[in-house]
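Participant: Before anything else, here's the structure in question.
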Amino acid sequence: MTSHQHLIDQLRKICGTANVLIDGDLTAWELDWRKRERGKALAVVRPANTSEVAAVVKACAAAQVSMVPQGGNTGMVVGSTPDASGQQVVLSLTRMNQIRTLDAGNLTITVDAGCVLQTIQEACEAQGFLFPLSLASEGSCTIGGNLGTNAGGTQVVRFGNTRELCLGLEVVTAQGDIWSGLTGLRKDNTGYDLRHLFIGSEGTLGVITAATMKLYPMPKSQLTAYAAVPSMEHAVDLLGLAHEHLSAGLTGFEVMGQFALSLVVKHFPQQRVPFWESSPWCVVLEHSDQESEAHARECLERLLEAAMEQGCVSDAIVAESVAQAKALWHIRESIPLAQAEEGLNIKHDISIGVSRIPEFVRETNTALLEKFPGARLVTYGHLGDGNLHYNVQAPESDDAERFLREEEEPMNALVFEVVDRYQGSISAEHGIGSLKAHKLTQHKSPVALGLMKSIKYALDPHNLMNPGRVLEI
Ligand code: FAD
Ligand code: 2HG
Ligand code: ZN
């Protein structure tokens with residue numbers, strides 16, 4: 001008998017015994033994607049609909065048991081797994097996976113929070129629409145998790161973060177009430193915009209159960225180019241040229257450092273990775289065009305010609321087929337997986353004004369390698385958004401666990417000190433979770449933290465929604 005037997009019985013009544021998991025192998029829900037922390041759940045509860053979520057939240061709140069909302073559990077900052085106490089309920093949304101409606105006239109889709117991102121993309125595509133949110137984890141992350149983290153991904157340069165794509169939410173509050181805001185309106189200035197409080201709140205204010213998201217017409221043509229660039233300065237110059245030549249047609253712009261690409265070559269030898277041996281940086285960029293394939297190709301070729309003339313690009317290829325374009329994107333998307341294969345690592349998901357990125361990289365590389373000789377820099381990311389994954393792998397001869405235990409804090413401190421001086425962000429897209437909650441305390445102003453805590457106390461006065469995540473309370 002657990003000390004919460006009454007609660008477990010109630011949860012079984014609400015969701016059915018098969019959907020309240022308390023023993024057996026719960027690794028999929030208790031261990032985070034990066035294998036940084038293993039928690040222990042009181043129970044994993046899998047409601048089937050919004051009413052069940054509301055009843056679960058009410059029952060947990062009455063028992064003063066805290067809840068951890070979870071989608072695909074692909075988060076990078078230990079935000080969706082329980083702590084080690086064995087006293088938290090994991091509220092998994094993955095059974096809530098229905099597409100509710102697609103309104104072609106309004107260019108919106110309304111979906112359950114547990115829908116896998118790729119399922120939504122495919123459902124839209126089947127009806128001739130584009131849902132532009134795109135991340136390498138799209139085969140398993142859910143729209144609820146994307147909203148919970150305000151995920152970025154590879155199309156932000158044109159379409160914005162998940163927040164910009166959301167027109168409405170349905171939420172179960174920390175008290176177990178249902179707020180239904182699935183209006184799909186593009187204009188609505190009736191008081192505070194509650195949707196924006198819940199987006200990016202990482203499950204600390206309530207449970208997102210459904211969302212209305214924006215759609216776009218499918219482009220007539222999508223072309224991918226892959227270019228070798230001699231330096232980060234040149235990569236930023238290329239980005240400027242791409243904006244100039246492609247305008248709103250620029251839908252992706254990613255940079256990849258040589259060592260990051262070497263990890264793809266090492267761990268996924270079946271992939272053909274162009275230019276990685278000869279160039280310190282490579283860029284993959286995407287051009288979407290509403291006119292025609294021929295027009296798209298002409299624009300892209302003109303851009304690459306101008307870039308070569310200016311010396312920003314030393315070599316380039318334009319994909320000739322959809323399969324080739326996919327293969328080029330696959331190289332970029334394989335970097336986090338290759339890094340995981342290489343072993344535990346330190347991640348810095350930072351953003352800086354794009355124009356200052358080259359200076360940031362030069363300064364931080366020098367300081368970091370001086371203090372941590374042999375550290376291997378895995379630098380890549382969404383250059384179009386000024387967002388770098390400035391990651392670090394332990395020196396080859398070192399034990400990665402020791403490296404993380406002893407060097408992560410001083411290394412974070414070094415990198416984030418430079419980020420602060422450049423007025424950047426210490427978490428551009430992955431969020432705070434529990435891994436970076438102490439960092440938020442150090443790097444946000446007391447006024448900003450005070451306002452955040454006021455919101456948290458107002459919406460979740462008993463600190464039952466994902467406690468210890470985002471804010472140190
Ligand atoms: P989870 O990991 O389950 O949860 C994440 C957070 O959201 C937790 O705090 C959780 O409590 C909360 N949450 C989950 N569901 C709900 C809900 N219904 N209501 C309220 N809160 C909820 N991220 C990017 O931003 N850009 C990238 O390019 C990117 N690429 C990735 C590539 C790989 C290979 C991997 C493994 C991850 C990547 N991520 C990226 C990180 C991750 O996929 C995103 O953060 C994603 O949005 C998480 O979705 P999820 O469903 O897995 O959420
Ligand atoms: C990406 O852009 C993801 O590939 C993951 O945000 C980044 O693993 C990382 O650091
Ligand atoms: Zn990213």
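The numbers here are math on the coordinates, done by the rules we state, and not lab data. These figures come from a predicted structure and were not determined experimentally. Because the Cβ atoms are built from the backbone with ideal geometry, glycine has one as well, and the counts that use them run over all protein chains shown.
Participant: Using amide H atoms built in the peptide plane, which far-off residues or other-chain residues are under 5 Å from LEU167 H to H?
Facilitator: THR212, MET213, LYS214
Participant: To the nearest Å, what is the center-to-center distance of segment 208-275 and segment 44-74, using C-alpha atoms only?
Facilitator: 38
Participant: If you keep only loop residues by DSSP, which trypsin sites (Lys or Arg not before Pro) in segment 252-341 have at most 11 other Cβ atoms within 10 Å of their Cβ?
Facilitator: Those satisfying the criteria are ARG272.
Participant: Quick one: length gained pulling GLU406 to LEU337 fully straight, 0.36 nm per residue minus the C-alpha distance?
Facilitator: Here the segment from GLU406 to LEU337 would lengthen by 22.5 nm.
Participant: Kindly state, to the nearest 0.05, the FRET efficiency for ARG302 paired with HIS462, given R0 = 56 Å and r defined as their beta-carbon distance.
Facilitator: Given R0 = 56 Å and the Cβ-Cβ separation, E is 0.40.
Participant: Report, for segment 330-429, the % of DSSP beta bridges that are antiparallel, rounded to 5.
Facilitator: 100
Participant: Cut-off under 21 Å on the C-alpha distance; same-chain residues fewer than 8 positions from LYS444 excluded. Which lysines are left, in chain and number order?
Facilitator: Within the straight-line limit of under 21 Å, LYS444 reaches these lysines: LYS347, LYS436, LYS453, LYS456.
Participant: How long is the gain from THR366 to GLN118 if the chain were fully straight, where each residue apart is worth 0.36 nm and the alpha carbon distance is subtracted?
Facilitator: My answer for the length gained is 85.3 nm.
Participant: Further question: Suppose only helical runs count, i.e. DSSP H with n ≥ 4. What mean residue ellipticity at 222 nm does that imply for the chain under -39500 (n - 2.57) per run, divided by all residues and rounded to the nearest 500 deg cm²/dmol?
Facilitator: It comes out at -11000 deg cm²/dmol, rounded to the nearest 500.
Participant: Let me ask something additional. Of the peptides 238-244, 428-434, 26-32, how do they stack up when ordered by the mean number of other Cβ atoms within 10 Å, highest first?
Facilitator: Highest to lowest by the protection proxy: 428-434, 238-244, 26-32.
Participant: Taking the Cα-to-Cβ direction at LYS444 and at LEU194 and moving 7 Å from each Cα, how far apart do the two end points lie in nm?
Facilitator: Here the answer is 2.1 nm between the modelled labels.
Participant: Consider a paramagnetic label point 7 Å from the Cα of GLU472 along Cα→Cβ; state which residues of segment 60-87 have an amide N under 20 Å from it.
Facilitator: 77-80, 83-85
Participant: How large is the translational diffusion coefficient of the chain in µm² per second when you combine the Kirkwood radius over alpha carbon pairs with Stokes-Einstein at 37 °C and 0.692 mPa s?
Facilitator: Using the Kirkwood radius from Cα pairs, D works out to 141 µm²/s.
Participant: Between ALA84 and GLU293, what is the spin-label point distance in nm, taking each point 7 Å from the Cα along the Cα→C-beta axis?
Facilitator: Rounded to a tenth, the inter-label distance reads 5.7 nm.
Participant: Here is a follow-up. Using amide H atoms built in the peptide plane, which far-off residues or other-chain residues are under 5 Å from GLY203 H to H?
Facilitator: none
Participant: Right, here's the next one. Measure out, as a whole number of angstrom, how far apart the alpha-carbon centroids of segment 348-386 and segment 91-158 sit.
Facilitator: 31
Participant: Right, next: Working out 0.36 nm times the residue gap between GLU164 and GLU417, then minus their Cα-Cα distance, what length gain in nm do you get to one decimal?
Facilitator: Computed gain between GLU164 and GLU417 is 88.1 nm.
Participant: Additional query: So, R0 is 60 Å and r is the distance between the beta-carbons of GLN271 and ILE455; what FRET efficiency does that work out to, to 0.05?
Facilitator: After rounding, the FRET efficiency stands at 0.85.
Participant: Moving to a separate point now. Each residue of segment 349-362 in order: what ³J(HN,Hα) in whole Hz does its phi give by Karplus 6.51 cos²θ - 1.76 cosθ + 1.60, θ = phi - 60°, with x for Gly and Pro?
Facilitator: Couplings: 9, 10, 9, 9, x, 3, 5, 9, 4, x, 5, 4, 5, 4 Hz.
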